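Colleague: So that we are looking at the same thing, I have put the structure below in structure tokens.
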Amino acid sequence: MNYSSSSGNTNLPAPCIVDTGTLVNKRDMRRVLADLGQVRYVYRQDGQVLSQGEGYILDVFADAQQSTLVANHSLYLNVHSFDYLELGRSDDQRACFSLVQDNRTLSLTPISNPLREQGDRPMDAAALEAMVAEVLSASIDMRLDDDEGLY
């Protein structure tokens, strides 16, 4: 490996994390969380359980101006609400994902299996909205082009 500091590029390889480890990169956190689907969650503050239940991850995003929301069995996860994501195993050897920020932890244990549900997965709401907006925009553009020929 080349560790030359004069070029500013250390040429270090990107991390490789398999089943256990810590993610600090927000993009990596989003990618891992987006595939979880249905989960059991436990919200702890100062080690004390404040809330727990089951829900479905509906959105994972990175926006410093929005909140992470857990309500009505729905989870909207903002990776900017947390410092890092700890990947590990629960006592029964199930995958466990713990979002950590200071003294708060939101632990997620998948209930669904992404291998079985990949084909049955509902389309991402943001992707669906983007497609509808694109179709509507194209339709409006076509109408404007048609109208311009009348004058």
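Quick note: the coordinates plus some simple rules give every number you see, no bench work behind them. The structure displayed is predicted, hence computed values, not measured ones. As a convention, Cβ positions derive from the backbone with ideal geometry for all residues, glycine included, and neighbour counts pool all protein chains shown.
Colleague: Taking segment 50-79 as the search range and keeping residues that are polar (S, T, N, Q) and farther than 19 Å from Gln101 by Cα, which one is surrounded by the fewest Cβ atoms within 10 Å (Cβ to Cβ)?
Modeller: Here the answer is Asn72.
Colleague: Taking the condition of being exposed (fewer than 13 other Cβ atoms within 10 Å of the Cβ) and within 21 Å of Asn25 (Cβ to Cβ), how many residues in segment 84-113 meet it?
Modeller: 1
Colleague: For segment 26-57, which residues satisfy the criterion of being under 9 Å from the mean Cα position of the chain (by Cα) and among the hydrophobic types (A, V, I, L, M, F, W, C)?
Modeller: If the condition is that a residue be under 9 Å from the mean Cα position of the chain (by Cα) and among the hydrophobic types (A, V, I, L, M, F, W, C), then Met29, Val32, Leu33, Ala34, Leu36, Ile57 are the ones that fit.
Colleague: Checking Thr68 against (1) touching a residue at least 24 places away in the same chain (Cβ under 8 Å); (2) out of contact with any His (no Cβ under 9 Å at 6 or more places or on another chain), which single condition isn't satisfied?
Modeller: Result: Thr68 fails condition (2) only.
Colleague: Then there is this: State which residue pairs qualify: first residue over 13 Å from Glu86 (Cα atoms) and inside segment 26-37, second residue among the basic types (Lys, Arg) in any location, beta carbons under 8 Å apart, and separation of 6 or more residues or different chains.
Modeller: From residues that are over 13 Å from Glu86 (Cα atoms), the pairs are Gly37/Arg121.
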